[in-house]
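Step one of this worksheet: look at the structure below.
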Amino acid sequence: MAQRILVAYGSIAGSTAEVAQAVADEMRSGGAQVDLQSVEAVKDLGDYDAVVVGTAVRMFHILGKTRRFLRRHRRALGERPAAYFLVCLAMGEESPENISKAEGYAKPMIAARAPVSLGLFGGCINHDNLTDFFGRSMKSVPEQDHRDWDKIRAWARETLPKLVASDQ
Ligand SMILES: Cc1cc2nc3c(=O)[nH]c(=O)nc-3n(C[C@H](O)[C@H](O)[C@H](O)COP(=O)(O)O)c2cc1C
């Protein structure tokens, strides 16, 4: 039977949601049965065999709603394999310093449950989507999109067998 996977994402301006969609599509192509939901919409982890959690970063931290998701589902996460990905501007340039900065952002996720894989992806600034209070303050930052769709899809392809093979 196909592996049932939940891809849950924390996004404010929509770019992480689009990355999550690409991850879900790629895992479906790999034969998994995948549901895609925002972290705030997930009620429980039910009978999912594995979970992928993706989140945007703001003000040097993963989103509060992603932290709340990890807290709320901590026990259930501990009972099934999990993979994580981050979407942030720091990964717009993949220097060792930026990779270690992004790994630092992921620490609270890793502390909640060690992942089988951690994807670190460049983020996006699209002024039209920065409609919230803090987002509007970033309108002085030029529009940019560092999402590397080949890298994102490759990560999803490589992560799927790890989620399936892992017994924890
Ligand atoms: C208000 C604000 C604060 C941000 N702070 C950071 C940050 O501290 N570090 C970083 O690497 N990226 C930061 N970013 C970039 C976001 O992580 C990036 O725009 C991401 O693609 C947003 O995801 P979303 O569209 O799903 O909300 C920030 C963006 C905004 C709008």
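Just so it is clear, none of the values below were taken in a lab; they were calculated from the coordinates. Since the structure is predicted, the reported quantities are computational estimates derived from the model, not experimental observations. Every residue, glycine as well, gets a Cβ built from its backbone with ideal geometry; the counts of neighbours run over all protein chains shown.
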| Karplus 3J(HN,Hα) series, Hz, for segment 45-61 with 6.51 cos²θ - 1.76 cosθ + 1.60 (x for Gly, Pro) | 8, x, 9, 5, 7, 7, 10, 10, 10, x, 8, 7, 10, 9, 6, 6, 9
| message | Quick query: amide H of Gln3 versus all other amide H atoms, modeled in the peptide plane; which residues come in under 5 Å with a sequence gap of 5 or more or a different chain? | response | Gln33
| task | Normalise the Debye intensity by I(0) for the chain, one equal point scatterer per Cα, no solvent, then take log10 at q = 0.12, 0.16, 0.20 Å⁻¹ and round to two decimals. | result | -0.49, -0.87, -1.36
| task | Calculate the length of the line joining the C-alpha centroid of segment 20-55 to that of segment 88-138, in whole Å. | result | 19
| Counting DSSP beta bridges with both partners in segment 4-165, what percentage is antiparallel, nearest 5? | 15
| If you rank Trp149, Trp155 by fewest surrounding Cβ atoms within 10 Å, what's the result? | Trp149, Trp155
| query | Put a dot 7 Å past each Cα toward the Cβ at His127 and Arg74; how far apart are the dots in nm? | reply | 4.3
| note | For Ser117, the residues 5 or more places away or on another chain with a placed amide H closer than 5 Å to its own amide H are Tyr84
| query | Quick one: length gained pulling Ala114 to Trp149 fully straight, 0.36 nm per residue minus the C-alpha distance? | reply | 10.1 nm
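So, in the chain, how many Lys pairs have Cα atoms under 20 Å apart, if the pair is 8 or more places apart or on different chains? Don't skip to the end; give the middle numbers.
Working: Lys43/Lys65; Lys65/Lys107; Lys101/Lys151; Lys151/Lys162.
Close lysine pairs found across the chain: 4.
Ranked highest first by the average count of other Cβ atoms within 10 Å around their residues, in what order do 51-59, 92-100 fall? Kindly include the intermediate steps, with their values, before the conclusion.
Working: 51-59: 23.3, 92-100: 12.4.
Ranked by mean Cβ neighbours within 10 Å, highest first: 51-59, 92-100.
Per the helix-only calculation at 222 nm, which mean residue ellipticity applies to the chain, given -39500 (n - 2.57) for every DSSP H run of n ≥ 4 and division by its residues, nearest 500 deg cm²/dmol? Can you show the working numbers first?
Numbers: 7 runs with 66 residues, N = 168.
Taken over the chain, the calculation gives -11500 deg cm²/dmol.
If you take the square roots of the eigenvalues of the alpha-carbon gyration tensor of segment 1-78 and sort them as a ≥ b ≥ c, do you get rounded (a/c under 1.5), prolate (a/b over b/c) or oblate? Walk me through the intermediate numbers first.
Working: a/c = 2.53, a/b = 1.31, b/c = 1.94.
Verdict is oblate for segment 1-78.
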| What is the distance, in nm, between label points placed 7 Å from the Cα along the Cα-to-Cβ direction at Ser29 and at Ser137? | 3.9
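For the chain, calculate the relative contact order in percent as a whole number, restricting contacts to Cα pairs under 8 Å that are 6 or more residues apart. Mind dumping the intermediate values first?
Working: 302 pairs, mean separation 41.4, N = 168.
Value for the chain: 25 percent.
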| query | Okay, which of segment 115-142 sit inside 11 Å, backbone N to the point 7 Å along the Cα-Cβ direction of Glu94? | reply | 120-122
| Counting Lys and Arg as +1 and Asp and Glu as -1, each charge on the Cβ, what is the dipole of segment 4-165 about the Cα centre in debye, to the nearest 20? | 760
